[in-house]
Structure formats: C-alpha cells, structure tokens
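Notes follow once the structure below has been shown.
The values are calculated or read from the model by the stated rules, or taken from the named source; none is laboratory data. Nothing here was measured: the structure is a model prediction, and the numbers come from that model. A quick note on method: Cβ atoms are made from the backbone with ideal geometry, for glycine too, and the neighbour counts reach across all protein chains shown. We work out accessible area using only protein heavy atoms, side chains counted, and drop any ligands, DNA or RNA first. Shrake-Rupley method; radii C 1.70, N 1.55, O 1.52, S 1.80 Å.
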Amino acid sequence: MAGRLTELQVKNAKPGPAKYTKAAGHGLTLIVMPDGSKYWRLRYRFGGKGRMIAVGRPDPHTTRRQAQATSAEWRALGDAGVDPADRRLIEK
C-alpha cells in the first residue's frame with residue numbers, strides 16, 4: 001500500500017534544511033526535524049476541526065507498530081465520539 005513506512009525507512013529518514021513529514025497511513029505521520037529528531041503524530045478530525053496529537057518518538061522509544069496500534073486506538077475513540085486529545089489529557 002502506498003504511503004506505508006517500513007521500520008528501515010523510519011530509521012533512515014535523514015534531516016533536511018526544513019522539517020518534513022512522511023505518511024505512514026491512516027493519518028499517522030512521521031515528522032523529521034532539521035536537527036534529526038523524529039516524531040510520530042496522528043492527524044484526525046473531531047468536531048469538524050483538523051487536529052494533531054503526538055504519538056511518540058521513534059527509535060528506540062516508539063516503533064512503527066506501536067505508533068500504529070496507538071493511533072488505531074485513538075481513531076476508535078474518535079469514531080465513538082470521544083476526542084483522543086481530551087482523553088489523553090484526563091489520563092495524565
């Protein structure tokens with residue numbers, strides 16, 4: 001499937017002059033910063049507004065599979081009418 005990232009592609013994503021994103025599928029994106037840091041983010045819509053929530057940092061903290069599993073849980077919450085960002089805030 002187009003847009004899917006492999007663990008090797010995540011590991012080998014090199015920093016550029018500006019931050020850039022790579023789609024991992026189903027709203028999950030990898031953001032690569034100019035300093036080389038990488039972040040998982042989930043893009044979703046709730047209440048008619050586009051939102052983005054942090055899923056974690058890749059290698060060694062959060063693997064692609066862990067990020068996909070977490071984002072699937074959060075998408076299910078959104079489908080059930082619960083904002084994942086609000087739920088995470090309450091849990092913290």
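Summary of computed values
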{"read-out": "Selection within the stretch 26-42 - in a strand (DSSP E or B) and open to solvent by 30 Å² or more (accessible area, probe 1.4 Å)", "value": "38, 39, 41"}
{"read-out": "Exclusive hit being modelled with pLDDT of 90 or more, part of a helix (DSSP H, G or I), basic (Lys, Arg) and farther than 11 Å from residue 41 by Cα, set 88, 75", "value": "75"}
{"read-out": "Selected residue (criterion: farthest from residue 27 (Cα to Cα)) from residues of the stretch 43-61 that are open to solvent by less than 60 Å² (accessible area, probe 1.4 Å) and touching a Phe, Trp or Tyr at 6+ places or on another chain (Cβ under 6 Å)", "value": "56"}
{"read-out": "Only listed residue being under 11 Å from the mean Cα position of the chain (by Cα) and charged (D, E, K, R), chosen from 43, 51", "value": "43"}
{"read-out": "The stretch 6-22, residues that are part of a loop (DSSP other than H, G, I, E, B), at pLDDT 90 or above and open to solvent by less than 90 Å² (accessible area, probe 1.4 Å)", "value": "13, 15, 16, 18"}
